[in-house]
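The values are calculated or read from the model by the stated rules, or taken from the named source; none is laboratory data. Fair warning: this is a prediction, and the values are worked out from it, not measured in the lab. Virtual Cβ from ideal backbone geometry, glycine too; neighbours counted across all protein chains shown.
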Amino acid sequence: MTDKSKGLFGGDTNPSNILPRKYTLDSKIKFRCHPGVSCFTACCGNINIILTPFDILRLRKYLNLPADEFLLRFTTPMFIEKTDLPGVRINLDENGRCPFVTDEGCTIYPERPSACRYYPVGMANFHEGGEEGVDSEKFYFLVQEQHCKGHEEDKEWTIREWIADQGVDVCDKMNKEWLEIVMRRKSFGFQASMSEEAKKIFFMVSTDLDKFKRFIFESSFLDIYDVDQETLDKIQEDDIELMKFSFRYLASSLFGTGDLKIKDEKIKERAAQMQEKQGDVEERAKETYESLKAERDRLMQERNK
Ligand code: SF4
Ligand code: SF4
């Protein structure tokens, strides 16, 4: 089997198939994929399709499944490449084929994932240093695999036209804040450690909005965060609003962006706890010092006998 992959995150794709050129939105490509190509559906196997939160939301609604069932049946947990952030990718069947492909094509075509929409275009986004106010560098690249005959077709597009035609622009808009979080984490590298608890929260929020909703309304979440009633009403009723809210929560809890406001009394409570902890530390240090001093005095006395 040849090594084929579709990756929203660039590096998933075999580098030898990437044309050595940076493309802009106005760059032109020649490509067309349709049921008449001899390679039809050849690219829907032996692939790594990472799902974004918006992909999961659309797919499970299309398949009429709750998030946990969709995740269990169709996905496998993995780490988003070059990060320690856990996510999910589509499970392949025993022949290495996507579970949604048939000879007639993709059975979830109207709701297919972002990575499938982008192909054969890839997007790279470097958020230097992960710092606020520092521009990220974004460019596109073209994947040209031998088996893909779409490159031999006459249809010419700009990258911008391709993106609009495939509905990638809508996906990117929906996932924007989440992608920024991933890029930001990626730019920190592995040396900046992340707690296991934070990773679990990232996974839950990024993959299972049903669970995140219960986390908001059935835990102490609303005792900690100051969320106005209008926002609460919206996220109760509208999953897209819930998803947008989840990105704000992730940015706030992972990077302290302040997108969500912590209640004043909780900040005071936390400051008091920290002060108390600090008091404990000082007390313990004093006790240690006193006992070391007593031991030293005892030894000195013994020596002087
Ligand atoms: S033309 Fe390329 S993208 Fe289209 S079916 Fe063939 S291999 Fe897949
Ligand atoms: S989701 Fe559809 S387009 Fe994407 S790999 Fe599977 S069958 Fe192919």
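Figures for the structure shown
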{"item": "Selected residue (criterion: nearest to the chain's Cα centre (by Cα)) from residues of segment 104-120 that are assigned to a loop (DSSP other than H, G, I, E, B) and away from ligand 1 (no atom under 12 Å from the Cβ)", "result": "Pro113"}
{"item": "Residue list for segment 206-232, restricted to those being out of contact with any helix residue (DSSP H, G or I) (no Cβ under 9 Å at 6 or more places or on another chain) and charged (D, E, K, R)", "result": "Arg214, Glu218, Asp228, Glu230"}
{"item": "Any chance Val134 is in contact with a strand residue (DSSP E or B) (Cβ under 9 Å, 6 or more places away or on another chain) and modelled with pLDDT of 95 or more", "result": "no"}
{"item": "Test set (1) modelled with pLDDT of 95 or more; (2) away from ligand 1 (no atom under 16 Å from the Cβ); (3) surrounded by 20 or more Cβ atoms within 10 Å (Cβ to Cβ) - Ile90 fails condition number", "result": "(2)"}
{"item": "Residues satisfying the stated conditions in segment 45-82, i.e. surrounded by 20 or more Cβ atoms within 10 Å (Cβ to Cβ), within 13 Å of ligand 2 (Cβ to nearest atom), modelled with pLDDT under 95 and part of a loop (DSSP other than H, G, I, E, B)", "result": "Ile47, Ile49"}
{"item": "Hits in segment 103-115 - residues which are over 15 Å from Cys171 (Cα atoms) and surrounded by fewer than 11 Cβ atoms within 10 Å (Cβ to Cβ)", "result": "Asp103, Glu104"}
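Rundown of residues vs (1) among the aromatic types (Phe, Trp, Tyr); (2) surrounded by fewer than 14 Cβ atoms within 10 Å (Cβ to Cβ), yes/no style:
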| residue | (1), (2) |
| --- | --- |
| Met243 | no, no |
| Phe247 | yes, no |
| Asp259 | no, no |
| Glu265 | no, yes |
| Lys268 | no, yes |
| Arg296 | no, yes |
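To keep it simple, each residue is scored yes or no on (1) closer than 26 Å to Arg248 by Cα; (2) modelled with pLDDT under 70.
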{"residue": "Lys263", "(1), (2)": "yes, no"}
{"residue": "Ile267", "(1), (2)": "yes, yes"}
{"residue": "Ala272", "(1), (2)": "no, no"}
{"residue": "Asp280", "(1), (2)": "no, no"}
{"residue": "Ala285", "(1), (2)": "no, no"}
{"residue": "Ser291", "(1), (2)": "no, no"}
{"residue": "Glu295", "(1), (2)": "no, no"}
{"residue": "Met300", "(1), (2)": "no, no"}
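So that you can scan it fast, the table gives a plain yes or no per residue for (1) free of Cβ contacts under 8 Å to residues at least 60 places away in the same chain; (2) within 33 Å of the chain's Cα centre (by Cα):
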residue: Glu196; (1), (2): yes, yes
residue: Gln236; (1), (2): yes, yes
residue: Phe247; (1), (2): no, yes
residue: Glu276; (1), (2): yes, no
